[in-house]
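Reading through the structure tokens given below for one structure.
Every read-out reported here was derived from the displayed coordinates using simple, explicitly stated rules and does not represent laboratory data. Note that this is a predicted model, so its numbers are computed, not measured. Please note: Cβ atoms are built from the backbone with ideal geometry, for glycine as well, and neighbour counts cover all protein chains shown.
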Amino acid sequence: MKVAIVGTGAMGSVYAGLLGKAGHEVWAIDIWEEHLNVIESAGLSVSGASGEYVVDGIQVGRSPRDAAPCDVWVIATKAAVVDEVAAQIAPLLQQGNVVMAFQNGLGAGARVARHIPEDHIVIGIAEGFGSSLTSAGHVHHEGMRLIRIGEMNNTLSERVRHLEQVWLDAGFNVRAFADVHLMIWEKFLCNVTLSAPCAAFDVTVGELMADAAAWKVALGCTAEAHRLGLAKGIEFPFDDPLRYVTQFSSTIPNASPSMRLDHLARRRSEIDVINGQVVTLSRELGLEAPYNESLCAIVRRRESMFH
């Protein structure tokens, strides 16, 4: 299978590494020249929960058109550039090609669908990886708890079942879901709990949990997101959202969410599609979200000073 990973940051590099190791023709598409040069000349180094190894033979490109045509396009960029990337992929698609949208927060599928017909799109949700790029050409991941995939139309199709097997064979823990909205919201609760709090307090997940006052703030964010989900008709499979996110968080104590990593690198984060979405959507329904609103203000103020 020919697979293009568009956006080989931390998670994109994990996808490229395991799929390449499994023998697929993998293309790493990115604009970070140093990262691509190392992958091309010395291979992609992977360390962490999947082992320690180097994957040779990954092809590199600076634009989706460099890799076309591909059986599967994995969009693993930040939310801010999804529209641009989807628009670049759209004219390259052939019948039967799949576009897998992997982003944090809400609305990833809708953003891709502005440019690509829904019958090409599969939603992907990765959780519990705690991934980071330690240097150009080297990705580390603390865990690899689960990847959820599903169709935009909430059906458990033969195509999704096939993709599930492909990713399973590559070493991922993958489950195909019929209810894509539920799987997005389950991950969203975890994103909201850890993203802005870890960035604002400048801590790892474990350090956040060890600080009683900071963890109380994080769980306040969880409660607001859960209340919003219930108001929007999401039927969560658990009764206690605080226990759910606590159990999840305890599996990746050494991880730093991408929002904190962005701040350490003085980059703007995805605050608008994660904690910011709790604030925006709560207001639309007449709900308050003071924990998320306060952390959004802190994060945005800090980002306003980045250059």
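Annotations
- Dipole size of region 87-159 about its Cα centre, with +1 on Lys/Arg Cβ and -1 on Asp/Glu Cβ: approximately 140 debye, rounded to the nearest 20.
- For the chain, a Gaussian network of Cα nodes joined below 10 Å ranks Asp202, Asp239, Asp119 by mean-square fluctuation, and the top entry is Asp239.
- For region 2-178, a crude dipole built from +1 on the beta carbon of Lys and Arg and -1 on the beta carbon of Asp and Glu, taken about the Cα centre, is about 340 debye to the nearest 20.
- Sorting 226-236, 152-162, 261-271 by their mean Cβ neighbour count within 10 Å, with the most densely packed peptide first, gives 261-271, 226-236, 152-162.
- Check: the chain dipole with +1 on Lys, Arg Cβ and -1 on Asp, Glu Cβ, in debye: 400 debye
- Region 1-119: relative contact order in percent, alpha carbon pairs under 8 Å with at least 6 residues between: 26 percent
- Reachable lysines from Lys78, criterion Cα separation under 24 angstrom, eight or more residues apart if same chain: Lys2, Lys187
- DSSP finds beta bridges in the chain, and of those with both partners inside it, around 30 percent are antiparallel.
- Dimensions of region 39-145 based on its C-alpha atoms, expressed as ranges along the principal axes with the largest first, amount to 38, 30, 23 Å.
- Three-way shape call for region 182-303 based on the alpha-carbon gyration tensor, with the a/c threshold at 1.5: oblate
- Hydrodynamic radius by Kirkwood, which averages 1/r over all alpha carbon pairs of region 1-74, in angstrom: 11.9 Å
- Sequence-distant contacts, meaning Cα pairs under 8 Å at least 6 residues apart, place the relative contact order of the chain at 15 percent.
- Value of relative contact order over region 182-303, rounded to a whole percent, pairs C-alpha under 8 Å and six or more apart: 36 percent
- DSSP-defined beta bridges in region 2-178 - what % are antiparallel, rounded to 5: 30 percent
- Value at 222 nm in deg cm²/dmol, rounded to 500, when DSSP H runs of n ≥ 4 in the chain each add -39,500 (n - 2.57): -13500 deg cm²/dmol
- The orientation-averaged projection of the convex hull spanning the C-alpha atoms of the chain amounts to 14.5 square nanometres.
- Three-way shape label, region 233-306, alpha-carbon gyration tensor, a/c 1.5: oblate
- Choice from Ala101, Ala90, Ala210 with maximal GNM fluctuation in the chain (Cα, 10 Å cutoff): Ala210
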